[in-house]
Amino acid sequence: MRSSRRQMLLATVLGWGAALLLFFPIFWMVLTSFKSEIAAIATPPQFLFAPTLESYAEVQERADYLHFALNSVLISVGGTLLALAFAIPAAYAMAFHPTARTRSTLLWMLSTKMLPPVGVLVPIYLLFRSLGILDTRSGLVVIYALMNLPIVVWMLFTFFKEVPGEILEAGRMDGARTGSEFWHLLLPLSVPGIASTALLSLILCWNEAFWSLNLTTSEAAPLTTFIASFSSPQGLFFAKLSAASTIAVAPILVFGWLSQRQLVRGLTFGAVK
Amino acid sequence: MSFTTLDQGAEVTAAPPGARRRSAFPLLAPSVSVLLLWMIVPLAMTLWFSFQRYNLLNPEVSGFAGLENYEFLVTDPDFWASLTNTLILVGSVLVITVGFGTLLAVLFDQPFPGQGVARVLAISPFFVMPTVSALVWKNLMMHPIYGVLGSLARAVGMEPVDWFAEYPLLAVIVIVAWQWLPFALLILLTAVQSLDHEQKEAARMDGAGPVAQFVFITLPHLGRAISVVVMIETIFLLTVFAEIFVTTSGGPGNATTNLAFLIYARALLQFDVGGGSAGGVVAILLANVVAFFLVRSIARRLEV
Amino acid sequence: MATLQLRNLRKSYLAHEVIKGVDLEVADREFVVFVGPSGCGKSTLLRMIAGLEEITSGDLLIDGQRVNEVGPADRGLAMVFQSYALYPHMTVRDNMGFALRMAGVPKPERARKVAEAARILQLEPYLDRRPKELSGGQRQRVAIGRAIVRNPRIFLFDEPLSNLDAALRGQMRIELARLHEDLQATMIYVTHDQVEAMTLADKIVVLQAGRVEQVGSPLELYHHPANLFVAGFIGSPRMNLLEARVLGADGAGVMLEAAGARLTVPAGGASRPGAAVTLGIRPEALRPDPAGAFAGEVRLVERLGGLTLLHVTLVGGEAVVVQIEGSDPTPAHAPVRLGVEGAACHVFDAEGQALPALGRHPLAA
Ligand SMILES: Nc1ncnc2c1ncn2[C@@H]1O[C@H](COP(=O)(O)OP(=O)(O)O)[C@@H](O)[C@H]1O
Ligand SMILES: [Mg+2]
């Protein structure tokens, strides 16, 4: 009895300690974003100060936040939808019409994900340049879809595999052909799985910072690029940097908090139940 | 499911229940072909360029270069430094995230007040984009004068550390590990929670203390989950770029230049497409070596 | 009318043959039960009939028509799965109506048929619930209702009761028997539970390792098992099997010596004196008898109230079980003599085949 109470106390202290430590940089970033530039660099750091929104106003003035945010949304959603459009049929085929090659196909798909983007940066850059799609949203949508396709296929495959085979067999006894089996049985049964796959894909797209930095400059630039433009200022611009960072991560952070349970299901790639 | 089913797929070559004979290749074909294109075209181009003299600024210099680009690469100390830096970065982040991830997973498996909120806070860094986390750490946390760490050091009477000047690679490792620790925690926590409680109770009846339970019951149970963490993280860590791009630009000197950044610098900062492509080929080779061992060892591990 | 014929049906997974040539006739309105140990191929055979599993070779005929290549939905069969396989995202009503919807049956007719099935199965109050809001027994009934609604030529069941607790299983068993009588349908039923097999079947098919060991009515199998496997598989407690030696044979049967006792069993067939055979005695055929042929010692007594089971070790070391009606007073560790009627015994030759009995049991003609 006594030891279990001590254990609980220990868990509370350590658990909260670790959580606050990990969260502190984010907390500090948000806090700093409400400071004036002077307060932001005060030493020792201030926890109490007169909050102000002036940094946010200045950030919006200097760079059109909504423009970048809209790009982020459009590119992430577009990339995710495109990836799903390709991946759902593929995962369905592999999960329910497997052949001797299915396993190696899946492993091959995953291995394309190991291909480092830098290895192919040069040709993609030149290709984009000659196709005239540098700094366009559609160019980035295609890249993001391809980038996430292996992981999306893999996740959907594991979710489809979880659908009990007997239910689909019952459907076949009941006369459901491939089409109706898909629409009436498989899709409704795997909505949670598809949702968590889409969630992960959205987060990966939103935070992607290699292709966006190298293939966009302004017109199609998402928030990752917007933020990178704040990388030079030092000292006096801490508050503005924090404000820009806060508004860049806030949407996906809130989204991630709300969906963390579904996300976990997908993240474990079916390897952990 | 998942990995397990895949592995069974090897032996049970006949279709499992629920499978129909009719081939569904038309459904699979689009994904396979775009991935094939996505892989083959740039790969072939990279390979081709790596044997060319090709500088974007200097169109006169052109033609077949033979192994010149590679020669130049392997005799370049920056290249070897970048290779070492890449391996150190990947290795350290893996060790840190898996190690702390396991400890935190066991911790968050214990019931304590406010556990749900604490967990949400702890996994938050995963949702922060790399550019932001790099900038926040570099300026708000690690800045020698205005950063929180510097102030802390002064508060206890120590000299503040100028992280990016004195331990630049370590600073990058800290940032990247901070981003990936939540991922490891999430997966390992799910795995810990899936552990059969009766197993632990049986171990307790057999006289195993908390440490023995962890070593003999929990840790072996986590094998699969750790494999997944290592595989997914390695995929992403081999190509860390944004964190370096916005903090150190590979410096000071070549202290934080990894392979990804080296290629970027060659191709898009020095406009040396040939040299950059040779680096790209090396990066691909490296990834393939890692992938080969990783996929193999993991496929074996997951054969349960 | 719905008859079924299996002609030399075979199924292989790669080089591994799991159904090794099954011949079977199922008459109209017959209730046929497949029994056999786990992994013997019961489910595979049923799924081949259903069309869920491809037939490697042989012919499957429904009403005289070869249907090997006909898809599962077009064979006019309905199947009840062990896991029930209800559609979790649909209400009970939609679950039962799904097949009709797929077949393009208009809504009013669908509703009528679902209502009719729901009435038969007493599912009316639950029509708008989803499967997860139902108890195990109710889910089972929905699965049966889904089959009934289609008005199939043949019902297929794969261990439909194995997920229920013992009490519910007994109740559903009776409901199934009633259903068979009401619907007058042909039914094929897979189980590993002897009680289900004995009570439900018109005809039992005993399978082992992909082969049919014996086909017959429940009592035929019980009283005249064709071989050692069936003898051991049907009946609980199991038939006692003793090593025996043939002493001779005449018109009255074969004379044997087993466990130090001599007896004559009314069975025919060629058996040389001196041949090694197996003597089979059902536990209820043995009884304590001071003048009995077998001597031994009671090792353990199980008193079930209505029955008493004596576990006896004979003088030669053979263990046998004796089943006695009512509560028998014999204590444990007591010496005991056991008697048996020769007519209640079975003799199996060295290959395990039964020697033909000279007389048939009246109920197993
Ligand atoms: N898809 C399959 N691939 C290979 N072997 C299988 C497959 N399905 C079943 N089997 C084998 O066929 C045999 C019969 O299985 P099953 O019909 O399910 O047995 P039962 O229902 O009698 O317990 C088993 O030995 C099983 O291992
Ligand atoms: Mg079975």
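The values are calculated or read from the model by the stated rules, or taken from the named source; none is laboratory data. All of these numbers come straight from a predicted model, not from anything done at the bench. Note that we place each Cβ from the backbone using ideal geometry, even for glycine, and neighbour counts take in every protein chain shown. Keep in mind that these areas ignore ligands, DNA and RNA; they rest on the heavy atoms of the full protein, side chains included. Shrake-Rupley method; radii C 1.70, N 1.55, O 1.52, S 1.80 Å.
Close contacts from the stretch C:154-181, counting a first residue that is at positive phi and within 16 Å of ligand 2 (Cβ to nearest atom) and a second that is open to solvent by less than 40 Å² (accessible area, probe 1.4 Å) and aliphatic (A, V, I, L, M), with Cβ to Cβ under 8 Å and a gap of 6+ residues or different chains, come to C:Glu159/C:Val190. None of B:Gly63, B:Gly91, B:Gly101 is out of contact with any helix residue (DSSP H, G or I) (no Cβ under 6 Å at 6 or more places or on another chain), at pLDDT 85 or above and not hydrophobic (A, V, I, L, M, F, W, C) except B:Gly91. Note on the stretch C:182-192: residues that are under 16 Å from the mean Cα position of the chain (by Cα), surrounded by fewer than 21 Cβ atoms within 10 Å (Cβ to Cβ) and more than 16 Å from ligand 2 (Cβ to nearest atom) total 0. Can you find a residue that is of a type outside the set (Asp, Glu), within 14 Å of chain A (Cβ to nearest Cβ), within 16 Å of ligand 1 (Cβ to nearest atom) and at positive phi anywhere in the stretch C:97-117? There is no residue in the stretch C:97-117 that is of a type outside the set (Asp, Glu), within 14 Å of chain A (Cβ to nearest Cβ), within 16 Å of ligand 1 (Cβ to nearest atom) and at positive phi. When the stretch C:54-88 is filtered for residues that are within 15 Å of ligand 1 (Cβ to nearest atom) and within 10 Å of chain A (Cβ to nearest Cβ), the ones remaining, listed by number, are C:Met79, C:Val80, C:Phe81, C:Gln82, C:Ser83.
Scanning the stretch C:47-85 for residues that are of a type in the set (Ser, Thr, Tyr), in contact with an Asp or Glu (Cβ under 9 Å, 6 or more places away or on another chain) and more than 16 Å from ligand 2 (Cβ to nearest atom) yields a single hit, C:Thr56. Per the listing C:Glu54, C:Glu69, C:Glu17, the residue uniquely over 25 Å from C:Gln194 (Cβ atoms) and assigned to a strand (DSSP E or B) is C:Glu17.
Only one of the listed residues (A:Ala145, A:Ala195) is buried (at least 22 other Cβ atoms within 10 Å of the Cβ) and of a type in the set (Gly, Ala, Ser). That residue is A:Ala145.
Being assigned to a helix (DSSP H, G or I), open to solvent by 80 Å² or more (accessible area, probe 1.4 Å), more than 21 Å from A:Ser245 (Cβ to Cβ) and touching a Leu at 6+ places or on another chain (Cβ under 9 Å) holds for only one residue in A:Leu14, A:Leu9, and it is A:Leu14. Of all residues in the stretch C:197-225, those being in contact with a Lys or Arg (Cβ under 8 Å, 6 or more places away or on another chain) and open to solvent by less than 10 Å² (accessible area, probe 1.4 Å) number 3.
State all residues of the stretch A:106-129 that are more than 7 Å from chain B (Cβ to nearest Cβ) and free of Cβ contacts under 8 Å to residues at least 24 places away in the same chain; if no residue qualifies, say none. Across the stretch A:106-129, the qualifying residues are A:Trp108, A:Leu126, A:Leu127, A:Arg129. Pairing residues of the stretch B:277-291 that are closer than 19 Å to A:Tyr125 by Cβ with residues that are in a helix (DSSP H, G or I) and open to solvent by 30 Å² or more (accessible area, probe 1.4 Å), at Cβ distances under 6 Å and at least 6 apart in sequence or on separate chains, gives B:Ala278/B:Tyr70.
So if I check each of B:Val211, B:Val161, B:Val192, which one is in a helix (DSSP H, G or I) and open to solvent by less than 50 Å² (accessible area, probe 1.4 Å)? Testing whether each residue is in a helix (DSSP H, G or I) and open to solvent by less than 50 Å² (accessible area, probe 1.4 Å) leaves just B:Val192. Counted as qualifying within the stretch A:136-250 are the helices (runs of 4 or more DSSP H) with 3 or more residues that are within 30 Å of A:Val118 (Cα to Cα) and under 21 Å from the mean Cα position of the chain (by Cα), namely A:137-162, A:191-207, A:211-215, A:223-228. Taken over the stretch A:88-134, the criterion of being farther than 30 Å from B:Asn258 by Cβ, surrounded by 22 or more Cβ atoms within 10 Å (Cβ to Cβ) and of a type outside the set (Ser, Thr, Tyr) is satisfied by A:Ile88, A:Ala90, A:Ala91, A:Ala93, A:Met94, A:Ala95, A:Phe96, A:Pro98.
Of everything in the stretch C:153-165 that is open to solvent by less than 80 Å² (accessible area, probe 1.4 Å) and away from ligand 1 (no atom under 16 Å from the Cβ), the residue that is modelled with the lowest pLDDT is C:Leu164. The residue list C:Pro37, C:Pro106, C:Pro88, C:Pro125 contains one member that is within 16 Å of ligand 2 (Cβ to nearest atom) and open to solvent by 30 Å² or more (accessible area, probe 1.4 Å), which is C:Pro37. Against the test of being in contact with a Ser or Thr (Cβ under 7 Å, 6 or more places away or on another chain), more than 7 Å from every other protein chain (Cβ to nearest Cβ) and touching a residue at least 24 places away in the same chain (Cβ under 8 Å), the options B:Ile187, B:Ile173 yield a single qualifying residue, B:Ile173.
Selection within the stretch C:165-184: residues that are touching a helix residue (DSSP H, G or I) at 6+ places or on another chain (Cβ under 8 Å) and of a type in the set (A, V, I, L, M). The member of this set that is farthest from C:Lys203 (Cα to Cα) is C:Leu168. Of the residues making up the stretch A:55-76, at least one is acidic (Asp, Glu), out of contact with any Phe, Trp or Tyr (no Cβ under 7 Å at 6 or more places or on another chain) and surrounded by 15 or more Cβ atoms within 10 Å (Cβ to Cβ). Taken together, C:Arg141, C:Arg150 contain a single residue that is away from ligand 2 (no atom under 16 Å from the Cβ), within 14 Å of chain A (Cβ to nearest Cβ) and surrounded by 22 or more Cβ atoms within 10 Å (Cβ to Cβ), which is C:Arg150.
Close Cβ contacts (under 6 Å, 6 or more residues apart or on different chains) running from residues in the stretch C:189-215 that are under 22 Å from C:Ile19 (Cβ atoms) and away from chain A (no Cβ under 14 Å) to residues that are within 16 Å of ligand 2 (Cβ to nearest atom) and among the hydroxyl-bearing types (Ser, Thr, Tyr) comprise C:Ala197/C:Thr191. Taking (1) more than 16 Å from ligand 1 (Cβ to nearest atom); (2) facing chain A (nearest Cβ under 10 Å); (3) among the aromatic types (Phe, Trp, Tyr) in turn, C:Phe31 satisfies each apart from (2). Every condition in (1) under 30 Å from the mean Cα position of the chain (by Cα); (2) without any contact (Cβ under 8 Å) to a residue 24 or more places away in the chain; (3) within 22 Å of B:Pro144 (Cβ to Cβ) is met by A:Met29 except one, and the failing one is (2).
Output the residue which, of all residues in the stretch B:69-78 that are more than 9 Å from B:Ala278 (Cβ to Cβ) and in contact (Cβ under 8 Å) with a residue 60 or more places away in the chain, is most open to solvent (accessible area, probe 1.4 Å). Only one residue fits best here, namely B:Pro77. Of all residues in the stretch C:11-18, none are closer than 26 Å to C:Gly137 by Cβ, more than 18 Å from the chain's Cα centre (by Cα) and within 13 Å of ligand 1 (Cβ to nearest atom). Evaluate the following for C:Leu168: is it away from ligand 1 (no atom under 16 Å from the Cβ) and modelled with pLDDT of 90 or more? No, not satisfied. Look at (1) within 15 Å of ligand 2 (Cβ to nearest atom); (2) outside any loop (DSSP other than H, G, I, E, B); (3) not aliphatic (A, V, I, L, M) and you find that C:Ser12 fails only one, number (1).
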